[in-house]
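Heads up: the structure comes next, in structure tokens.
Just so it is clear, none of the values below were taken in a lab; they were calculated from the coordinates. Since the model is a prediction, treat every value here as computed from it, not as a measurement. Virtual Cβ from ideal backbone geometry, glycine too; neighbours counted across all protein chains shown.
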Amino acid sequence: MSTTPEKSLLIDFLPSHKKVSLQPGKSVLDAAKHLGLPIHANCSGTGTCGKCKIVLRQGDLPITAADRELLSEEDRTQGIRLACMAVPDQDCTVEIVENAAERGGEILIKGLHRHVAIDPAVRRFGVIVPQPALAQADSDADLLRSVLPADLEPLSLHLLQQLPDKLRESRWDCQAVLFENHLLDILPGSSDAKLCGLAFDIGTTTIVARLIDLESGEILATSAQFNAQRQYGDDVIARIDSANDQGTAALQQTLIAQLNDMIGEVLLQAHLPAERLFQLVIAGNTAMQHFFCGLPPRHLAQMPYVPVVRRYPQLTASELGLQAHPAAPVLLMPGLGRFVGGDTAAVLLTLAPRLSETWLAVDIGTNGEIVLCHRGRLWTTSAAAGPAFEGAHITSGMRAVAGAIDRVYYDNGVLSSHVIGEGAAQGICGSGLIDAVAALLQAGLVDYSGRMHAPGGRVVLRDEVALTQGDIREVQLAKGAIATAIALLLREADLRPDDLESLYLAGAFGQYIRREMALRIGLLPMVAPEKIHFIGNAACAGAELALMNRAEWKQIERLSQQVEYVEVAAQSSFQDLFAENMFFPLPREDE
């Protein structure tokens, strides 16, 4: 007796009208993942975080127990559902709620820039290739190689397939496009085609791409997007867990698809074909670079936290399925140790001219990454801070987009705040969270132990946005982890905070926090505020340096071998110091 297979359902996502067939029993979150749509799923789809909101525009999605627990009655009435729990039994049209909010959001694309001579590994040479003669037995490849450097690597099959036409169409007057000693392409001698490279900063939360003219150094176009892998979880551990359960392919494919979308965007801005993109440099944290390459990240999440590789093999665009010149080399920044990845190596490269000084560089995120330099000697470590400063695990937490409180003030007994976009407050982002905790400390509503002195353990900041006792504890855990890592790194180098000449804050989050507030809650070591410098998206800036000057790439390869990795969690004093750093600094006399 045969059974009729269940009919698949059609899910239509607005505003893109991307559609997918969904098997009965699958969720709307599954549909979004299949399409590679960015959707915020902090809990990896277990129905506990309440972040993966969608709006039902057509069809029917029954209200679930998770919807009743995590969504307001007003939300449910307006058709808002949790995508991970929404299992349709008919065709539906939905819109991802966060997409509308994030359209007005700003992703940091500015960073520390320093001038370097333009000397890329990709370069062109004009050559006159000898024409074949009956009396000679030379091949097309032999004739071409006779006018190119003697150490040239064997030509690729892809180029050999095109070589006869390229030589004859150019009438043997050619431009050879080389990457080091690899021949990438042959152009006509009269060609004025641009030779371009692309620098990618692949962050857990955001991705930034810069298209660069490799001969003039001009930035031709920029793209910035939220990382579409958020559908697998907000932090790298959640995504590693997802890869362990379902394999790495889905996360790699989601990332590659998004990078291709961004490549298409910058090439369109610059009015260039993909064949003009001759090199890519990738800067990402350890997990992101593993996902990019399709490497299994399983042991990154298990003690002793071992990556597959620290120095990545040179790849090509065609190997990865990237929409660039097929032979374009893809270089990944070297890792510095365990969870200190290529993005921190890129930050280090931007600060390389300051190696004779004493400084600390900190990228505050879900995984805080720290580099300490003292007179040319380098140490690094990471701190599992968690996603509190990115809005996750905070009652009213959200990213720095329209509707987020990003500044909180306490003056003459009054709490006030600023909202991005100047409208009603919908939540609070990381910079606002630090401000808020500092303001509550100043107001005496939170004491140095983190205990909240407010009715019901809750303080309303603005509109319906409030901080709870649980939120304060999340901040303590995050800042305690970072402060402890910094303290132990300084101890390893036998340095004190006063010895630091500079403290550099990298990344989008570091750009927007206020020095005094970060010091007030004990997130940063007690240094003079004027020593703290914001260097923005230094990861992308470092990738640009490696792209524009081959000596810079060799320098970061060399420096990555000199950095001493310190596993602070293995230190015997870690737990005691972490417990100490959970407390907030005692108030100053003027507070």
**OP:** Neighbouring Cβ atoms within 10 Å as the yardstick, rank THR254, THR46, THR316 fewest first.
**Re:** THR46, THR316, THR254
Subject >> Sparse-neighbourhood loop sites, trypsin sites (Lys or Arg not before Pro) in region 352-386 - DSSP loop, at most 12 other Cβ within 10 angstrom >> reply: ARG375
**OP:** Can you check what the net charge comes to around ILE219, using other residues whose Cβ is under 9 Å from the Cβ of ILE219 (Lys, Arg +1; Asp, Glu -1)?
**Re:** -2
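Rounded, prolate or oblate: which one fits the chain, using the alpha carbon gyration tensor with axes a ≥ b ≥ c (rounded when a/c is under 1.5, else prolate when a/b beats b/c, else oblate)?
Details: a/c = 2.26, a/b = 1.36, b/c = 1.66.
Here the chain falls in the oblate category.
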**OP:** Among HIS182, VAL87, ILE39, pick out the residue whose Cα is farthest towards the positive end of the charge dipole of the chain, where Lys and Arg carry +1 and Asp and Glu carry -1 on C-beta, about the Cα centre.
**Re:** HIS182
Original post:
If a helix is a whole DSSP H run, which ones in the chain reach 27 Å or further along their own axis (Cα) and hold a mean Kyte-Doolittle hydropathy of at least -0.5?
Top reply: 249-270, 469-492
Subject >> Stokes-Einstein D for region 9-102, Kirkwood Rh over Cα pairs, 10 °C, 1.306 mPa s (µm²/s) >> reply: 124 µm²/s
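Could you give the size of the charge dipole of region 196-332 about its Cα centre, using +1 on the Cβ of each K and R and -1 on the Cβ of each D and E, expressed in debye and rounded to the nearest 20? Can you show the working numbers first?
Details: 7 positive and 12 negative charges, 73 e Å.
The calculation lands at about 360 debye.
Taking the mean number of other Cβ atoms within 10 Å as a proxy for protection, how do you rank 574-583, 357-366, 343-352, 521-530 from highest to lowest? Before the final figure, lay out each step's value.
Values: 574-583: 15.4, 357-366: 23.3, 343-352: 26.8, 521-530: 17.4.
Highest mean packing first, the order is 343-352, 357-366, 521-530, 574-583.
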Original post:
Do any cysteines in the chain lack another Cys Cβ under 4.7 Å, and if so which?
Top reply: CYS52, CYS84, CYS92, CYS174, CYS196, CYS293, CYS373, CYS429, CYS540
Subject >> Segment ASP494-ASP151, extension gain: residue separation times 0.36 nm, minus the distance between their alpha carbons >> reply: 118.7 nm
**OP:** Give the order of SER417, SER449 when sorted by the count of other beta carbons within 10 angstrom, beginning with the fewest.
**Re:** SER449, SER417
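Applying a 10 Å radius around every beta-carbon, put 187-198, 499-510 in order of their mean neighbour count, most first. Numbers along the way, then the final one.
On the way: 187-198: 18.6, 499-510: 22.4.
Those peptides, ordered most packed to least, come out 499-510, 187-198.
Work out how much length GLU169 to TYR448 would gain on full extension: take 0.36 nm times their residue separation and subtract the Cα-Cα distance, in nm to one decimal. Mind dumping the intermediate values first?
Values: separation 279, 0.36 × 279 = 100.44 nm, distance 7.62 nm.
Gain on extension, GLU169 to TYR448, equals 92.8 nm.
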Subject >> Size of charge dipole - the chain - debye, nearest 20, with Cβ of Lys, Arg +1 and Asp, Glu -1, no other charges >> reply: 320 debye
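So what's the back-of-envelope 222 nm ellipticity for the chain, counting only DSSP H runs of four-plus at -39500 (n - 2.57) apiece and dividing by all residues, rounded to 500?
Numbers: 18 runs with 180 residues, N = 591.
Mean residue ellipticity at 222 nm (helix-derived): -9000 deg cm²/dmol.
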Subject >> Straight-distance crosslink candidates among lysines, where the alpha carbon sits under 28 Å from LYS166 and sequence neighbours closer than 8 are dropped >> reply: LYS194
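With a ≥ b ≥ c taken as the square roots of the eigenvalues of the C-alpha gyration tensor of region 389-440, please select rounded if a/c is under 1.5 and otherwise prolate if a/b is larger than b/c or oblate if it is not?
Details: a/c = 2.34, a/b = 1.33, b/c = 1.75.
Note, shape of region 389-440 comes out oblate.
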Subject >> Neighbour-count order for ARG520, ARG496, ARG491, fewest beta carbons within 10 angstrom listed first >> reply: ARG496, ARG491, ARG520
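Can you tell me the length gained on complete extension of the stretch GLN562 to ARG114, counting 0.36 nm per residue apart and subtracting the Cα distance?
Numbers: separation 448, 0.36 × 448 = 161.28 nm, distance 2.24 nm.
Between GLN562 and ARG114, full extension yields an extra 159.0 nm.
About the Cα centre of region 9-102, what is the dipole size in debye to 20, counting +1 per Lys and Arg Cβ and -1 per Asp and Glu Cβ, all else neutral?
Roughly 260 debye for region 9-102.
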Original post:
If you take all C-alpha pairs in region 196-332, what percent of them are over 27 Å apart?
Top reply: 19 percent
**OP:** Starting at the first residue of region 199-209, write each ³J(HN,Hα) from the Karplus equation 6.51 cos²θ - 1.76 cosθ + 1.60 with θ = phi - 60°, in whole Hz, x for Gly and Pro.
**Re:** 9, 10, 10, 9, x, 4, 9, 10, 10, 10, 10
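With the contact rule set at Cα under 8 Å and sequence spacing of 6 or more, what percent relative contact order holds for the chain? Spell out each step's value before the answer.
Values: 1287 pairs, mean separation 77.0, N = 591.
Relative contact order, the chain: 13 percent.
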Original post:
Amide H to amide H under 5 Å from LEU183: which residues, 5+ apart in sequence or cross-chain, H placed 1.01 Å off N in plane?
Top reply: GLU153
**OP:** Apply the Karplus parameterisation 6.51 cos²θ - 1.76 cosθ + 1.60, with θ equal to phi minus 60°, to every residue of region 369-384 and state each ³J(HN,Hα) to the nearest whole Hz, in sequence, with x for glycine and proline.
**Re:** 10, 10, 10, 10, 10, 9, 6, x, 8, 10, 10, 8, 7, 9, 9, 7
**OP:** Determine the sum of side-chain charges near GLY284: Lys and Arg each +1, Asp and Glu each -1, restricted to other residues whose C-beta is under 13 angstrom from that of GLY284.
**Re:** -3
